[in-house]
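S.K.: One structure follows; several queries about it will come next.
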Amino acid sequence: MIEFTPWPQADAERYRAAGCWLGLPLTDILERQCIERPDATAILCGERALTYRGLDARAARLAQALARRGLTAGDTALVQLPNVAEFYIVYFALLKLGVAPVNALFSHQRLELTAYAQQLQPKLVIGCASHALFGTSEFADALRAQVPGLAHVLVLDAPDGGLAALVDEEGAAVAIAPSPAHQVAFFQLSGGSTGTPKLIPRTHDDYYYSVRRSAEICRLDPATRFLCALPAGHNFLLSSPGALGVFYAGGTVVLAPSPEPLGCFALIERHAVTMAALVPSAVVLWLQAAADPARRAQLASLRLLQVGGASFAEALARRVPQELGCALQQVFGMAEGLVNYTRLDDTDDRVYTTQGRPMSEFDEVRVVDADGVPVPDGVEGLLTTRGPYTFRGYYQAPEHNARVIDADGFYATGDLVRRSADGYLTVVGRVKDQINRGGEKIAAEEVENLLLRHPDVLHAALISVPHPLLGEMSCACIVPRAAGEELRAPLLRKYLREQGVAEFKLPDRFRMLDKLPLTAVGKTDKVRLRAETNIQ
Ligand code: J2J
């Protein structure tokens, strides 16, 4: 059994009685389609098409192959795959086995994967040969040295057959079962604001509820063709309603390697895609591309564009229906739980100016001031929340949990919002020490700690600065140890890269300073630092 902070008994009973928690594992999503529409197309990936029966059969075969190799319920796995059909085959195979995976982003590098592996102590690692870390066995060997229980490293597209051989393997059947529905199904990744990346345990019960409710709000049905062009493992693309919502409704997931518009537009046209999910920075690129009437014509089948992950300017939001020819839905969610949607029948004003309202009537939202006292509607405050699919604690992080989850179980999201009288939220800023770089989250402390390892760096502070496309980019403010030190941006960037950090976390800009401004209590005054940093 994998440890996690459970909901208090009374809440759990309430969520069960209300039908939020059904006691069903996430594998039910596939199993019901194998009965209802086994021959419908579940996934389109390049030239490959997988039916529901095909997807389930592959997941089942892989689960059996892994069981024969000793993987059992309660084990964990670290998975890093790009947007390919195997992502879902592996995900469901592990769920069938009761093995809880964490899906690292494909942009993650040695440092992130090692941090996750150290926390999870996985028995299994699955990677892809097209990623620098899994092209050779060097990284896998280094992981084995740090994770004593690591028994298997499987690589997709490996010369020796790797993962694919297991998906095709026939052998003696072993009895397997998913973990109980009220237990951990898998781990989500936190955007983070601390030095170490945090893991979010998600149970079958809570996640399945969020998927069903999301599919309902977005009115998914078997005719839905959903373009997944952002990382498949991200909470948005997996559950809001994401691929799991589409599978639940019996629709089709069309996989794209990236949100780059020309490739996506071709896929939309070829597969008559009806719905897509993007971050704001990708919408800007889509709007530019759709200025060409021939390109715009490729979007004829698109009915709904979901936008979330970062602040979406009202002026851009207003252009979506006009220039892309589809409805807009704003989505404000988080891997920790709470997801807000504008509704498909909302007024234009709501859709353009708010980030929606919570998906569930059981979501509880408190907008509070710095002392934790609720503020009136319409007044800016800190968003805190609890509910049937909002976690109660990060994995093995008691100190951090004590800071972000209050005595009543409300999670402090770190987002500054305004709530309208009818419950719609508008995101106005954040208090967490995080940079939201076009939807990719960077924990300032993590990068600062890496910079401080450099012998010539005395102080380091990572702040956000405005960026026309990404919304925000990062700027590292550095105080060198010795005056006149030849500490240059390329050198520091190279130093960070060598430490094995994801490319999107490398500071976009560097500023060399004599000293950092301090607050009254002696902490770096990032508000002042941001105000004084004028970088275009
Ligand atoms: C402003 N900020 C937003 C929005 C997220 C659906 C959609 C997104 C995520 C996600 C997700 C925002 N406007 N529309 O998990 O299921 C910022 C907030 C939030 C943080 C969460 C989903 N939508 N944000 O982005 O865990 O700061 O989840 O707390 O990656 O992104 O980031 P993440």
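What follows draws every value from the coordinates through simple rules; no lab data is involved. What you see is a predicted model, and the numbers here were worked out from it, not measured in a lab. A quick note on method: Cβ atoms are made from the backbone with ideal geometry, for glycine too, and the neighbour counts reach across all protein chains shown.
S.K.: Using Cα pairs closer than 8 Å and at least 6 residues apart in sequence, work out the relative contact order for region 436-536, in percent. Mind showing how you got there, number by number?
M.R.: Working: 151 pairs, mean separation 28.1, N = 101.
Once divided by the residue count of region 436-536, the mean separation gives 28 percent.
S.K.: Would you mind classifying the chain by shape? Square roots of the alpha carbon gyration tensor eigenvalues, ordered a ≥ b ≥ c; an a/c under 1.5 is rounded, otherwise it is prolate if a/b is larger than b/c and oblate if not. Show your work: numbers first, answer last.
M.R.: Numbers: a/c = 1.36, a/b = 1.18, b/c = 1.16.
Here the chain falls in the rounded category.
S.K.: Put a dot 7 Å past each Cα toward the Cβ at Gln9 and His182; how far apart are the dots in nm?
M.R.: Each label point lies 7 Å from its Cα, and together they span 1.0 nm.
S.K.: Any idea how far the Cα center of region 435-485 sits from the one of region 171-246, in Å?
M.R.: Region 435-485 and region 171-246 have Cα centres separated by 32 Å.
S.K.: Counting only DSSP beta bridges with both residues in the chain, what percent are antiparallel, rounded to the nearest 5?
M.R.: Counting DSSP beta bridges with both partners in the chain, the antiparallel share is about 55 percent.
S.K.: Follow-up. Check which residues have an amide H placed less than 5 Å from Phe186's amide H, if you skip close sequence neighbours.
M.R.: Hits under the 5 Å cutoff: Arg202.
S.K.: What is region 1-128's relative contact order, in percent, from Cα pairs under 8 angstrom and six or more apart in sequence? Let's see the in-between values first.
M.R.: Numbers: 144 pairs, mean separation 30.4, N = 128.
The value is 24 percent.
S.K.: Which percent, nearest 5, of DSSP beta bridges in region 454-530 are antiparallel?
M.R.: Values: 11 of 15 bridges.
Percent antiparallel among DSSP bridges in region 454-530 is about 75.
S.K.: Can you work out ³J(HN,Hα) from phi for every residue in region 44-49, in order, using Karplus 6.51 cos²θ - 1.76 cosθ + 1.60 and θ = phi - 60°, giving whole Hz and x for Gly and Pro?
M.R.: 10, 9, x, 8, 8, 10
S.K.: Pick out the long, greasy-scoring helices in the chain: whole DSSP H runs spanning 20 Å or more along their own axis by Cα, mean Kyte-Doolittle at least -1.0. Walk me through the numbers on the way to the answer.
M.R.: Details: long enough: 52-68 (24 Å, -0.26).
Taking the DSSP H segments of the chain (at least 20 Å long, mean hydropathy at least -1.0), we get 52-68.
S.K.: For the pair Ala291 and Met1, how long in nm is the line joining their label points, each one 7 Å along Cα→Cβ?
M.R.: Using points 7 Å along Cα→Cβ, the separation is 6.0 nm.
S.K.: Multiply the residue gap between Ala151 and Ala129 by 0.36 nm, knock off their C-alpha separation, and tell me the result in nm, one decimal place.
M.R.: Working: separation 22, 0.36 × 22 = 7.92 nm, distance 1.87 nm.
Using 0.36 nm per residue and subtracting the Cα-Cα distance, I get 6.1 nm.
S.K.: What 222 nm value per residue comes from the helices of the chain, counting each DSSP H run with n ≥ 4 as -39,500 (n - 2.57) and dividing by all residues, nearest 500 deg cm²/dmol? Intermediate results must be reported in sequence, preceding the final value.
M.R.: Numbers: 19 runs with 178 residues, N = 536.
Calculated mean residue ellipticity at 222 nm is -9500 deg cm²/dmol.
S.K.: From the P(r) of region 365-451, could you give the percentage of C-alpha pairs in the tail past 22 Å? Walk me through the numbers on the way to the answer.
M.R.: On the way: 1246 of 3741 pairs.
Here the tail beyond 22 Å accounts for 33 percent of pairs.
S.K.: Please arrange Phe391, Phe510 by how many other C-beta atoms lie within 10 Å of their C-beta, fewest to most. Provide the component values of the computation, followed by the final result.
M.R.: Working: Phe391 26, Phe510 20.
Listed from fewest to most nearby Cβ atoms, that is Phe510, Phe391.
S.K.: Continuing with the same structure: For Trp21, list long-range residues whose amide hydrogen, built 1.01 Å from N in the peptide plane, is under 5 Å from its own amide hydrogen.
M.R.: Result for Trp21 returns Arg16.
S.K.: Further question on the same structure: Could you work out how much longer the chain between Arg219 and Leu458 gets when fully extended? Use 0.36 nm per residue separation minus the Cα distance between them, nm to one decimal.
M.R.: Values: separation 239, 0.36 × 239 = 86.04 nm, distance 5.40 nm.
So the extension gain works out to 80.6 nm.
S.K.: Could you list which residues have their amide H under 5 Å from that of Val431, counting only those 5 or more apart in sequence or on another chain, with H placed in the peptide plane?
M.R.: Sorted by chain and number, the residues that satisfy this are Asp415, Leu416.
S.K.: Where does each of Glu445, Glu486 land when they are ranked from fewest to most other beta-carbon atoms within 10 angstrom? Present the calculation step by step, with values, prior to reporting the outcome.
M.R.: Values: Glu445 17, Glu486 8.
Taking fewest neighbouring Cβ atoms as first place, the list is Glu486, Glu445.
S.K.: Could you pull out which residues in region 31-66 have an amide N less than 16 Å from a spot 7 Å beyond the Cα of Ala172, following the Cα-Cβ vector?
M.R.: So the set is 64-66.
S.K.: Return the tail of the calculated pair distribution for region 83-173, meaning the percent of Cα-Cα pairs more than 16 Å apart. Kindly include the intermediate steps, with their values, before the conclusion.
M.R.: Working: 2270 of 4095 pairs.
Result for the distance tail: 55 percent.
S.K.: Hey, another quick one. Taking 0.36 nm per residue of sequence separation and subtracting the Cα-Cα distance, how much length would be gained by fully extending the chain between Thr353 and Asp160, in nm to one decimal?
M.R.: Working: separation 193, 0.36 × 193 = 69.48 nm, distance 5.29 nm.
Length gained between Thr353 and Asp160: 64.2 nm.
S.K.: Sort Met1, Met512 so the one with the fewest other Cβ atoms within 10 Å of its own Cβ comes first.
M.R.: Going from sparsest to densest Cβ surroundings: Met1, Met512.
S.K.: Just report the Cα centroid separation between region 500-518 and region 391-420, whole Å.
M.R.: Computed from Cα coordinates, the inter-centre distance equals 27 Å.
S.K.: Then there's this: Under 13 Å between C-alpha atoms is the cut-off here; go through the chain and count lysine pairs that meet it, provided they're at least eight residues apart or on different chains. Intermediate values should be presented prior to the final figure.
M.R.: Details: Lys198/Lys441; Lys432/Lys441; Lys432/Lys526; Lys441/Lys505; Lys494/Lys505; Lys515/Lys523; Lys515/Lys526.
Going through the chain pair by pair, I get 7.
S.K.: Turning to a different aspect of this structure: Using the Cβ atoms and a cut-off under 10 Å, what net charge is assigned to the surroundings of Met473, where Lys and Arg are +1 and Asp and Glu are -1? Don't jump to the answer; show the numbers that get you there.
M.R.: On the way: positive: Arg437, Arg509; negative: Glu472, Asp508.
So the surrounding residues net to 0.
S.K.: Right, next: Is the C-alpha gyration tensor of region 453-536 telling us rounded, prolate or oblate? Criteria: a/c under 1.5 is rounded; beyond that, a/b larger than b/c is prolate, otherwise oblate. Could you put the intermediate results ahead of the total?
M.R.: Details: a/c = 1.72, a/b = 1.02, b/c = 1.68.
Verdict is oblate for region 453-536.
S.K.: Measuring from label point to label point, each 7 Å out along Cα→Cβ, what is the Val428 to Arg16 span in nm?
M.R.: Placing both labels 7 Å along Cα→Cβ, they lie 4.2 nm apart.
S.K.: List the relative contact order of the chain as a percent without decimals, with contacts defined as Cα pairs under 8 Å and 6+ residues apart.
M.R.: 12 percent
S.K.: What are the ³J(HN,Hα) values, in whole Hz, obtained from phi via the Karplus relation 6.51 cos²θ - 1.76 cosθ + 1.60 with θ = phi - 60°, for each residue of region 417-422 in sequence order, with x given for Gly and Pro?
M.R.: Listing the rounded values in order: 9, 10, 10, 7, 4, 9 Hz.
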